[in-house]
Amino acid sequence: MTIQRTAVVGAGTMGNGIAHVLALHGRSVTLIDVDPDALASATDTIAGNLDRQVGKGHIEAEEKSDALDRISTATDVAAGVDDVDLVVEAVPEEKEMKAEIFGALDAHAPEEAVLASNTSSISITWIGAQTERPGQVIGMHFFNPVPVMTLVEVVRGQRTTDATLDAVSGLAEDLDKNPVEVEDYPGFVSNRVLMPMINEAIFCVMEGVAEPDNIDTVMTLGMNHPMGPLTLADFIGLDVCLHILEVLHDELGDDKYRPCPLLRRKVTAGELGRKAGEGFFSYD
Ligand code: NAD
């Protein structure tokens with residue numbers, strides 16, 4: 001199956017990056033968002049990020065204008081997906097919202113179209129069960145910032161077919177990404193491994209094992225990580241980290257995933273990390 005015509009639902013942080021890479025690699029993209037301001041700001045962000053790639057000599061100016069020409073926008077799912085091969089959903093991480101979107105995509109996208117979700121923690125098998133085509137539902141878990149990060153976790157739900165998996169992995173390779181196939185278990189591989197490390201670093205802060213910058217220094221210098229776990233947690237958002245740990249804890253039922261009380265306390269206080277100006281570190 002060739003994937004040429006695409007749509008991305010949700011034009012936020014991830015959606016604009018996914019639209020960017022699809023358009024830059026020759027796919028037509030309809031970027032869909034209920035909020036017209038989000039669409040305008042996504043288009044500006046994509047143009048700015050393409051400019052940066054031109055400035056660094058990574059792409060030609062003509063590739064930038066061709067990519068922008070391939071992107072159109074829509075505020076209505078039904079109107080934006082009627083002739084696509086693939087839809088990538090990137091709306092907020094709320095189960096009911098995803099269920100509603102996948103119901104609409106199933107009703108309006110062509111019968112043979114693949115429906116992918118960029119979810120970080122919701123079961124692909126569950127999302128597939130919201131549709132009449134679970135064999136064509138798959139996870140395409142990109143990483144932020146999408147134009148820069150080369151990993152895509154390709155998540156196979158219980159009913160996902162080999163043909164769907166092959167089509168999506170092939171597309172990811174065309175986008176110059178590294179697709180890694182993973183099974184549909186909570187947190188997939190990335191968050192299953194990352195979040196306990198972040199949580200443990202937060203326990204170290206709570207128990208006074210070391211100051212936050214010293215914990216990050218141990219992990220950057222000692223483990224050769226490019227960024228310490230607390231800096232990374234601030235970057236991801238402490239509310240997002242808490243939510244993913246709660247999913248791991250609930251769905252795997254193991255107390256090793258219990259969120260650190262200090263993480264809860266900071267989220268309750270609104271210290272959500274970089275986006276709030278305050279997390280484990282302070283930001284201007
Ligand atoms: P975001 O809040 O930046 O963007 C979400 C967009 O969806 C907003 O523009 C919003 O207007 C739009 N939206 C809301 N309801 C809609 C609807 N009914 N129809 C169409 N658009 C709608 O969110 P994000 O950070 O881009 O995250 C999107 C998804 O990607 C989530 O599932 C998240 O877990 C996942 N994810 C996020 C990251 C990250 O680092 N931000 C990384 C990997 C995966």
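Run the quick spin-label model on Glu93 and Val148: label points 7 Å from Cα toward the beta carbon, then report their separation in nm to one decimal. Placing both labels 7 Å beyond Cα along the Cβ direction yields 2.0 nm. Packing around the peptides 40-48, 231-239, taken as the average count of other Cβ atoms within 10 Å per residue, puts them in this order, highest first: 231-239, 40-48. Taken along the Cα-to-beta-carbon direction at a fixed 7 Å, the label points for Ala74 and Ser190 span 2.7 nm.
Given in Å, the Rg to one decimal and the Dmax to the nearest whole number for the Cα atoms of the chain are 19.4, 57. With a Förster radius of 35 Å applied to the C-beta separation of Gln4 and Met197, the computed FRET efficiency comes to 0.35. Residues whose amide H falls under 5 Å from that of Val152, counting only those 5 or more places apart or on a different chain, are Asn178, Val180, with hydrogens built in the peptide plane. Amide H contacts for Ser28 (H built 1.01 Å from N in the peptide plane; partners 5 or more residues away or on another chain; cut-off under 5 Å): Thr6. Can you work out the base-10 log of I(q)/I(0) for the stretch 29-130 at q = 0.16, 0.18, 0.22 1/Å, using the Debye formula on its C-alpha atoms alone? Ignoring solvent entirely, the Cα scatterers give -0.79, -0.93, -1.14. Radius of gyration over Kirkwood radius for the stretch 196-275, both on Cα atoms: the Rg/Rh ratio is 0.96. Which residues does the label zone of Ala163 cover in the stretch 80-113, counting backbone N under 13 Å from a point 7 Å along Cα→Cβ? So the set is 111-113.
Residues Leu115, Leu68, ranked from the fewest to the most other C-beta atoms within 10 Å, line up as Leu68, Leu115. Counting Lys and Arg as +1 and Asp and Glu as -1 over every other residue whose Cβ lies under 11 Å from the Cβ of Ala74, the net charge comes to -3.
Put a plus charge on the Cβ of each Lys and Arg, a minus charge on the Cβ of each Asp and Glu, and nothing anywhere else: the dipole of the chain about its Cα centre is then about 500 debye. Using the Cβ-Cβ distance between Glu100 and Asp44 with R0 set to 30 Å, the FRET efficiency works out to roughly 0.60.
With R₀ fixed at 41 Å, the C-beta to C-beta distance from Glu112 to Glu211 puts the FRET efficiency at about 0.15. Taking 0.36 nm per residue of separation and subtracting the current Cα-Cα distance, fully stretching the chain between Phe281 and Val34 would add 85.5 nm.
Fewest neighbouring Cβ atoms within 10 Å first, the residues Val88, Val205 line up as Val205, Val88.
Every read-out reported here was derived from the displayed coordinates using simple, explicitly stated rules and does not represent laboratory data. Note that the structure is a prediction, hence the values are computed from the model and not measured. Backbone-built Cβ (ideal geometry, glycine too); neighbour counts: all protein chains shown.
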